[in-house]
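One structure is given here, and the rest of the page talks about it.
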Amino acid sequence: MNDSHCHFQNCVESLHTTLARGGKEKYIVLGTNYHDWTSVAALAREYPNRVIPGFGIHPWFVNLVIAGEKFYNSKENEAEKVSDHSLDHKMIPPTWLNTLHEYLDEFPTAVVGEFGLDKLAIDKETKQKYNFEKQVELFKTMYSTAITRKRAMSIHCVKAHQQIFDLLQEFDSKALSKEAPFIEPYSQTVKGLALHSYSGSKEVLARILKLPTLKDKVYVGLSAFVNLRSLKKTQLVLPTIPGDKLLLESDLNDSEEAIESMQAILSYVSEVLDIPQNQVVELANENLEKFLSF
Ligand SMILES: [Zn+2]
């Protein structure tokens, strides 16, 4: 079964073990913080038929972007302005967008992501929630990059579904009117948009699925890791996800643990929807191909 959202770059040894057993499953391996993009790219080069890379900055890492910008702006002249490797490895250099484009050049099927909005998580260092304004700014940058580079995107959202809806609605009406305040050129529409481990309400999902330029491109990912922890909500949402929109994912770091996790979400979906497991797998695989347009 293909995995539409995972982070196997964080457990490379495990992935070698899994892939050494053969098989045909594909894994969308999503980078989250710039520093892990090199391992994502290395996996995609090593296993071109199995690993589809994704490059993004997760909302949990926005403070590293802010730190990188601060450091860069504190330097007065051009000579002092630093190159990537002289930045503290914990910061994300302001040149991250150029690097993202380089990876998108190298990998024609690469996804933009993971990125998104998170109103719940707390930064362990500052003991505060992640800067929301910066999250929105990064969201817009990555969304417009995905559109202009004609790539699918994988979106994280926790307790910010109304904000995601508002942004998507704004982009949708701009796409309809061909207005281009921040996206240039804006004639193309979204390739594919996965709301990964969707934890919002069925009402917000229904509204997203009605946006004229987006409705055919939006997919909804479910994982055991996130969605089976809030069964009540998942039970309400699952029957409202159109069959041709459903994706399955592990959202895990360890590909060996992901085997069991994928089976758990598959069994759950099959049981709730009363569709045989092999048909759910077929459906989810077909949807993933459409999402990526391979
Ligand atoms: Zn993730």
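The values are calculated or read from the model by the stated rules, or taken from the named source; none is laboratory data. Keep in mind that what you see is a predicted model, and the values were worked out from it rather than measured. Positions of Cβ are generated from backbone atoms using ideal geometry, with glycine treated the same way; all protein chains shown enter the neighbour counts.
Within the stretch 189-201, residues that are in contact (Cβ under 8 Å) with a residue 60 or more places away in the chain have Cβ atoms under 6 Å from residues that are within 16 Å of the ligand (Cβ to nearest atom) and assigned to a loop (DSSP other than H, G, I, E, B) in these pairs: SER197/ASP251, counting only partners at least 6 apart in sequence or on another chain. Under the condition of being among the basic types (Lys, Arg), over 18 Å from LEU193 (Cα atoms) and either in a helix (DSSP H, G or I) or in contact with a Gly (Cβ under 7 Å, 6 or more places away or on another chain) (or both), the residues counted in the stretch 220-263 number 2.
If you go through the stretch 89-125 and keep only what is over 20 Å from the mean Cα position of the chain (by Cα) and either aliphatic (A, V, I, L, M) or farther than 20 Å from ILE66 by Cα (or both), you end up with just MET91. Take the residues in the stretch 221-277 that are in contact (Cβ under 8 Å) with a residue 40 or more places away in the chain and of a type in the set (Gly, Ala, Ser); name whichever of them is surrounded by the fewest Cβ atoms within 10 Å (Cβ to Cβ). Among those residues, the one meeting the criterion is GLY243. Restricting attention to the stretch 103-129, the residues being part of a loop (DSSP other than H, G, I, E, B), farther than 22 Å from SER199 by Cβ and touching a residue at least 12 places away in the same chain (Cβ under 8 Å) number 5. Scanning the stretch 199-226 for residues that are within 14 Å of PHE291 (Cβ to Cβ), at pLDDT 95 or above and not hydrophobic (A, V, I, L, M, F, W, C) returns TYR219, GLY221. Output the number of residues of the stretch 168-179 satisfying the condition of being farther than 22 Å from VAL62 by Cβ and surrounded by 19 or more Cβ atoms within 10 Å (Cβ to Cβ). Here the count works out to 2.
Within the stretch 82-93, is even one residue surrounded by 14 or more Cβ atoms within 10 Å (Cβ to Cβ), modelled with pLDDT under 95, in contact with a helix residue (DSSP H, G or I) (Cβ under 8 Å, 6 or more places away or on another chain) and assigned to a helix (DSSP H, G or I)? Yes - at least one qualifying residue is present in the stretch 82-93. Has the stretch 134-145 got at least one residue that is modelled with pLDDT under 95 and either within 16 Å of the ligand (Cβ to nearest atom) or under 21 Å from ASP251 (Cβ atoms) (or both)? Taking every residue of the stretch 134-145 in turn, at least one turns out to be modelled with pLDDT under 95 and either within 16 Å of the ligand (Cβ to nearest atom) or under 21 Å from ASP251 (Cβ atoms) (or both). From the list PHE165, PHE182, the lone residue that is modelled with pLDDT of 95 or more, more than 15 Å from the chain's Cα centre (by Cα), under 25 Å from HIS58 (Cα atoms) and more than 16 Å from the ligand (Cβ to nearest atom) is PHE165.
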